[in-house]
1. Going through segment 285-309 one residue at a time, which ones are in a helix (DSSP H, G or I) and among the aliphatic types (A, V, I, L, M)?
2. Please specify each residue of segment 345-370 satisfying the condition of being of a type outside the set (G, A, S) and out of contact with any Gly (no Cβ under 9 Å at 6 or more places or on another chain).
3. Give me the pairs: first residue in segment 197-218 and over 26 Å from G340 (Cβ atoms) and assigned to a loop (DSSP other than H, G, I, E, B), second residue modelled with pLDDT of 95 or more and acidic (D, E), beta-carbon distance under 7 Å, and six or more apart or on different chains, which are they?
4. Take the residues in segment 55-84 that are farther than 19 Å from V104 by Cα and part of a loop (DSSP other than H, G, I, E, B), then tell me which one is most open to solvent (accessible area, probe 1.4 Å).
5. With respect to the numbered conditions (1) in contact with a Lys or Arg (Cβ under 8 Å, 6 or more places away or on another chain); (2) of a type outside the set (S, T, N, Q); (3) within 16 Å of the ligand (Cβ to nearest atom); (4) open to solvent by 20 Å² or more (accessible area, probe 1.4 Å), which one is the sole condition not fulfilled by R51?
6. Would you confirm, using the coordinates I've provided, whether A236 is part of a helix (DSSP H, G or I) and among the aliphatic types (A, V, I, L, M)?
7. Take the residues in segment 165-189 that are modelled with pLDDT under 95 and either surrounded by 21 or more Cβ atoms within 10 Å (Cβ to Cβ) or not polar (S, T, N, Q) (or both); name whichever of them is farthest from the ligand (Cβ to nearest atom).
8. Filter segment 298-332 for residues that are within 15 Å of E275 (Cβ to Cβ) and out of contact with any Ser or Thr (no Cβ under 8 Å at 6 or more places or on another chain) and give the result.
Amino acid sequence: MDNRTQKMVDFFQKLYGSAPQKAVQAPGRVNIIGEHTDYNDGFCLPMAIERDVRIAVSATESASISVASCEKQESGAVTFDLCADVTKDPDHAWVDYVKGCVVVLLAEGIPVRGCQMVITGNVPLGSGLSSSAALEVAVIHALLCAAEHHMPAERIAVLAQRAENSYVGTNCGILDQLSSSCGMDGSAMLMDCRSLALTPAPLPKDVCIVIADTGKRRGLVDSLYNERRAQCEAGAAALSVSHLRDVSMHGLAAAHAKGELDADALRRCEHVVAENGRTFAAAACLRAEDSVALGYLMDQSHTDLRDKFEVSCPELDAMVTFARTLPGCLGSRMTGAGFGGCTVSLVQRSEADAFVQKLAQAYQAAYPAMPVDVFITGAAPGAGLLDLSA
Ligand code: GLA
């Protein structure tokens with residue numbers, strides 16, 4: 001058992017007076033390319049990362065769920081009744097993710113048992129690495145463990161997304177939950193957000209993925225995310241299709257010429273249509289082991305996200321600019337919803353350690369007040385049981 005799991009098990013024992021019966025994990029994700037495409041039924045190219053949420057769990061005979069966080073030990077366990085209309089508690093907003101999963105499982109007629117949980121996580125919160133999805137997917141795994149019920153990984157992702165949409169209130173797509181639930185050990189994956197098909201897309205051995213957290217937190221921008229989504233939906237409606245996936249650049253231009261799309265809507269839609277094309281091309285680059293071309297597509301993606309979709313911010317732009325000046329960097333872009341959080345860079349493996357150090361230094365010099373975190377990650381497996389005996 002590694003240090004983090006041991007600490008979680010010790011806290012569980014201290015809090016509830018016995019050892020946990022089971023433990024599960026669900027990883028965060030980084031999206032290499034394919035941003036703001038998932039809710040347009042498009043394509044993404046994510047991988048699960050080596051940071052995760054872990055939950056220790058034991059079933060109980062009570063009709064309630066108790067949940068505590070290793071990172072908030074002083075507040076102890078929060079307990080709520082196991083019922084279909086469990087209410088939110090603004091003093092413990094993080095528990096909403098647990099409640100949302102319970103409500104969704106109950107609504108689906110899936111057995112949910114009373115249980116005790118302790119949660120620990122090292123996916124930085126609100127940083128574009130899917131800390132929320134990792135929590136939701138881990139919670140559903142823990143609840144299924146407690147009830148001794150099994151479910152395919154893809155269905156877990158869909159229910160986790162529903163918890164976020166219908167209970168927490170962010171109108172996110174499927175990218176984060178599907179990446180966390182179905183991550184492939186050692187491989188990125190091309191995700192078709194319409195069929196939910198995942199195709200392995202391993203990175204060439206001589207490159208690696210570097211994540212750089214700007215320290216800027218998204219904060220209260222869920223409304224901006226929901227607004228972008230609504231703009232895309234309005235664009236699709238103007239073109240009489242269900243989703244922007246079914247639209248071409250030519251179709252957009254024609255609709256604009258006919259006055260069916262204003263200039264703002266056109267820019268948003270152009271990003272989505274181009275990004276779908278780039279993501280498909282990126283998967284082909286990986287198959288051809290053409291990392292230079294992949295890096296170029298990542299750079300273009302950032303430019304569109306900044307100028308057309310307008311979800312970047314000065315901190316993300318600065319991190320990307322610094323990265324591109326460093327030796328070994330093939331491409332760099334913001335990752336996730338934007339408005340803060342992390343960048344993802346494609347870097348030659350031989351230069352990666354120096355890149356990590358120099359990027360952190362450059363950013364820190366420009367933003368001395370920001371806590372910067374730059375790290376290399378491999379592609380991690382998706383969510384599953386943790387071995388407590390080892
Ligand atoms: C967030 C959402 C995802 C996706 C990305 C942008 O991470 O949760 O569904 O829309 O933003 O690509």
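The values are calculated or read from the model by the stated rules, or taken from the named source; none is laboratory data. Nothing here was measured: the structure is a model prediction, and the numbers come from that model. Cβ atoms come from the backbone with ideal geometry, glycine included; neighbour counts cover every protein chain shown. Note: accessible area is taken over every heavy atom of the protein model, side chains too, but ligands, DNA and RNA are not part of it. Shrake-Rupley method; radii C 1.70, N 1.55, O 1.52, S 1.80 Å.
1. Once the filter is applied, which keeps residues that are in a helix (DSSP H, G or I) and among the aliphatic types (A, V, I, L, M), segment 285-309 yields L286, V292, A293, L294, L297, M298, L305.
2. Passing the criteria: D353, V356, Q357, K358, L359, Q361, Q364, P368.
3. These pairs meet every condition: P204/E289.
4. Per the stated criteria, the residue is E61.
5. Every condition holds for R51 apart from (1).
6. In short, yes.
7. Checking each candidate, the answer is Y167.
8. Within segment 298-332, Q300, S301, T303, D304, D307, K308, F309, E310, V311, S312 qualify.
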